[in-house]
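Note sheet for the following structure.
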Amino acid sequence: DAGITQSPRHKVTETGTPVTLRCHQTENHRYMYWYRQDPGHGLRLIHYSYGVKDTDKGEVSDGYSVSRSKTEDFLLTLESATSSQTSVYFCAISESSTYEQYFGPGTRLTVT
Amino acid sequence: AQSVSQHNHHVILSEAASLELGCNYSYGGTVNLFWYVQYPGQHLQLLLKYFSGDPLVKGIKGFEAEFIKSKFSFNLRKPSVQWSDTAEYFCAVTLGISGGYQKVTFGTGTKLQVIP
């Protein structure tokens, strides 16, 4: 398995609180991605990064922000968590956007 | 906009049955194609990929897929499934153009349940 870790692995938080999820890679891959996975919706891209400090929005970016200050770390922040953001969040990496992606173990987030 | 269709949302098979999961995509240019598998409670893992060359691609665990350009299809097959193949399977496509960001589009997945 590719060297990707996510933290925390599980989190329960209350509506309105900020939440930050961390993705860490040891593969030195250029691209990093944040997805959410919900029943009936498959995988949906939230944000992606193509280098340090280079990020862009995906298809479901509202309510989320990201930062990448180092090649190995990609942070996803929910500024003010809502119940609709209850989901499983996966980080992924790839050498090129046209190559295969390697996924982290996921973070299960529950917003009450 | 490119799209990926997986026609079967839920497939139930008995052990030793043959498997074929459909995947069709909308884009007619050069594409890179992938199948990923997600075992219960786990993350997605790459099963196989097609970039160019032989349209019959062999992956891990006895899976294979055939790229048929004229049909815009990349169906996944396995001659004889095992209980351990119970999982969700995702097809994905991206444009096969180097340089710059190319969006990856995932299908909505097919849940395979194999009955012992």
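The values are calculated or read from the model by the stated rules, or taken from the named source; none is laboratory data. A quick note: this is a predicted structure, and the numbers were derived from the prediction, not measured. Note that each Cβ is placed from the backbone with ideal geometry, even for glycine, and that neighbours are counted across all protein chains shown.
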Output the number of residues of the stretch B:37-69 satisfying the condition of being farther than 18 Å from A:I4 by Cα, more than 9 Å from chain A (Cβ to nearest Cβ) and of a type in the set (F, W, Y).
-> 3
Looking for whichever is touching a His at 6+ places or on another chain (Cβ under 7 Å), more than 10 Å from chain A (Cβ to nearest Cβ) and on the phi < 0 side of the Ramachandran plot here; the options are B:T110, B:T86. Which one fits?
-> B:T110
Does the stretch A:61-76 contain any residue that is in contact (Cβ under 8 Å) with a residue 12 or more places away in the chain, under 25 Å from B:S5 (Cβ atoms) and assigned to a strand (DSSP E or B)?
-> no
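Mind checking which residues of the stretch A:1-50 are assigned to a loop (DSSP other than H, G, I, E, B) and free of Cβ contacts under 8 Å to residues at least 40 places away in the same chain?
Within the stretch A:1-50, A:G3, A:P39, A:G40, A:H41 meet the criteria.
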In the stretch A:19-31, is there at least one residue being within 11 Å of chain B (Cβ to nearest Cβ) and surrounded by fewer than 20 Cβ atoms within 10 Å (Cβ to Cβ)?
-> yes
Can you name every residue in the stretch B:6-31 that is under 23 Å from B:G53 (Cα atoms) and either of a type in the set (D, E) or under 12 Å from the mean Cα position of the chain (by Cα) (or both)?
-> B:E20, B:L21, B:G22, B:C23, B:N24, B:Y25
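Yes or no, residue by residue, for (1) out of contact with any helix residue (DSSP H, G or I) (no Cβ under 8 Å at 6 or more places or on another chain); (2) modelled with pLDDT under 95:
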{"site": "A:G16", "(1), (2)": "yes, no"}
{"site": "A:T55", "(1), (2)": "yes, no"}
{"site": "A:E59", "(1), (2)": "yes, yes"}
{"site": "A:T71", "(1), (2)": "yes, no"}
{"site": "A:L78", "(1), (2)": "no, no"}
{"site": "A:T86", "(1), (2)": "yes, no"}
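Tell me which strands (runs of 3 or more DSSP E) are completely within the stretch B:46-116 and hold 2 or more residues being free of Cβ contacts under 8 Å to residues at least 40 places away in the same chain and either under 10 Å from the mean Cα position of the chain (by Cα) or buried (at least 20 other Cβ atoms within 10 Å of the Cβ) (or both), or say none if there are none.
B:64-68
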